[in-house]
Amino acid sequence: VVDIGKLYAQADVFTFDPGFTSTGSCESAITFIDGDKGELLYRGYPIDQLAEKSHYLEVCYLLLYGELPTVAQMEDFEGRVTKHTMLHEQMKNFYSGFRRDAHPMAVVCGVVGAMSAFYHDSTDINDPWQREVATIRLIAKLPTIVAWAFKYANGQPMVYPRNDLSYAENFLHMCFAVPAETYEVSPILSKAMDRIFTLHADHEQNASTSTVRLAGSSGANPFACIAAGVACLWGPAHGGANQACLEMLREIGSVDKVGEAVARAKDKNDPFRLMGFGHRVYKNFDPRAKVMKESCDEVLGLLGIEDNETLKVAKELERIALEDEYFIEKKLYPNVDFYSGIILEAMGFPTSMFTPIFALSRTVGWISQWKEMVEESSRIGRPRQLYTGPTARDYTDVAAR
Ligand code: ACO
């Protein structure tokens, strides 16, 4: 590996690579993707094996520390995470400053950003103990932050975390339990939720992770860096695609309109794109989509809602697009977000909650990448630009313009 940056800096030249399609920005031992083979490995373990045999907190441990935990290590990790699931009571009050009709992702951006104001005893990035506490706090508190954004939007009282439940069960409990009623977390739904968390846990140098690394390269504290990642994730070309995809399926509305939507997506004069299709790296298939599709069929089957119109539109769209020359030639396949939205809707989440749930799942990836970067001490990220503006010119007085 040649650090071309140093060589080029000496010669005062740089590569022009808009969208960073061919620029490696760091070395990392966390996640491996082979876009041609459709392979995704977390610390060497294939994503399908982890989705089937592991569970999200174990995957968090793996991403953070590099190895699968022993029983004792897992117990210790779980204990540390559950110790931090509560939010500072003043943070609860902080929510009431937002409008009730705000997008939950806007609220999550704000609350995560505010974490450094509530937990400033773990913002010293040079102290390994504080880094560790911040890491655990982020993983432990994100489900509470996201669930409370949901509760706040619904006008319901916030439900406190239950540490006797698993990570996924507790999240569903905080979202759907109502104090006046008993709420039993369905094992089918908690398994599906856990899978969604696992499949979204990390994805090497995507836009939001690169944002976290870039923010971290300046020495910013971990909460501020993760808030930057949350903000970046929101866009429809990235984490916002799950919401955009389900809204698109609903807008298409019926199976007979699918052909029209595919024709629009192929029309270069029409900005319409099939949301949930395509990926910058996967050019054969998205291995997460494969697992998610299975999970989707399973959840809908078990909930008895296979007859859903949105699902029929999704299946028809998948069928037509996979047979269409345009999509084959451009190697556009359904990505993970094509199926995750359908599952989340079946669970009872509104579309506005899809991206916040993605943010909560990805927090472990962001913080693992941040941790790796800080431990290796890297240079500040500072891309160059190709200037296209005017050459130097003299200021003209306003009367003379
Ligand atoms: N529908 C129709 N055409 C598409 C689509 C699509 N979803 N995606 C790409 N194309 C076409 C482009 O028009 C382009 O055509 P051209 O070569 O004739 O100009 C070609 O395929 C390549 O597309 P790019 O935008 O250059 O590919 P890029 O790698 O930059 O973009 C992206 C990848 C952003 C994911 C894109 O495929 C897209 O916008 N998809 C829809 C949004 C989406 O689902 N995002 C989620 C990504 S996964 C994740 O974040 C978890």
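A few remarks follow.
- Restricting attention to the range 376-399, the residues that are part of a helix (DSSP H, G or I) and either modelled with pLDDT of 95 or more or touching a His at 6+ places or on another chain (Cβ under 7 Å) (or both) add up to 2.
- Residues in the range 268-292 that are more than 9 Å from the ligand (Cβ to nearest atom), at pLDDT 90 or above and out of contact with any helix residue (DSSP H, G or I) (no Cβ under 8 Å at 6 or more places or on another chain): N269, P271.
- Inclusion of C245 among residues that are at pLDDT 90 or above, within 8 Å of the ligand (Cβ to nearest atom) and within 16 Å of H200 (Cβ to Cβ) is warranted.
- Considering only residues in the range 320-349 that are touching a residue at least 60 places away in the same chain (Cβ under 8 Å) and away from the ligand (no atom under 13 Å from the Cβ), the one that is surrounded by the most Cβ atoms within 10 Å (Cβ to Cβ) turns out to be I342.
- Residue match in the range 277-295 (condition: touching a residue at least 24 places away in the same chain (Cβ under 8 Å) and farther than 25 Å from Q205 by Cα): yes
- Against the list (1) β-branched (V, I, T); (2) within 21 Å of R362 (Cβ to Cβ); (3) part of a loop (DSSP other than H, G, I, E, B), the condition V146 fails is (3).
- Scanning the range 28-71 for residues that are touching a helix residue (DSSP H, G or I) at 6+ places or on another chain (Cβ under 9 Å), assigned to a loop (DSSP other than H, G, I, E, B), at pLDDT 95 or above and not polar (S, T, N, Q) turns up A29, I30, R43, H55, E67, L68, P69.
- Scanning the range 72-97 for residues being assigned to a loop (DSSP other than H, G, I, E, B) and either exposed (fewer than 13 other Cβ atoms within 10 Å of the Cβ) or among the small types (G, A, S) (or both) gives a total of 2.
- Residues of the range 1-19 that turn out to be outside any loop (DSSP other than H, G, I, E, B) and either over 31 Å from the mean Cα position of the chain (by Cα) or surrounded by 10 or more Cβ atoms within 10 Å (Cβ to Cβ) (or both), as a count: 8
- Scope the range 271-306; condition of a type in the set (K, R) and in contact with a strand residue (DSSP E or B) (Cβ under 9 Å, 6 or more places away or on another chain); matching residues: R288, K293
- Residue among D12, D34, D17, D76 that is without any contact (Cβ under 8 Å) to a residue 12 or more places away in the chain and at positive phi: D12
- Screening the range 298-314 for residues that are charged (D, E, K, R) and surrounded by 15 or more Cβ atoms within 10 Å (Cβ to Cβ) and picking the one that is farthest from N242 (Cα to Cα) gives E298.
- Flag if A265 is within 14 Å of the ligand (Cβ to nearest atom), in a helix (DSSP H, G or I), modelled with pLDDT of 90 or more and at negative phi: yes
- Taking the criterion of being modelled with pLDDT under 90 and of a type in the set (A, V, I, L, M), the residues of the range 293-313 that qualify are V299, L300, L302, L303, I305, L311.
The values are calculated or read from the model by the stated rules, or taken from the named source; none is laboratory data. Values in this document were obtained by computation on a predicted structure and should not be read as measured data. Using ideal geometry, Cβ is built from the backbone for each residue, glycine included, and neighbour counts are taken over all protein chains shown.
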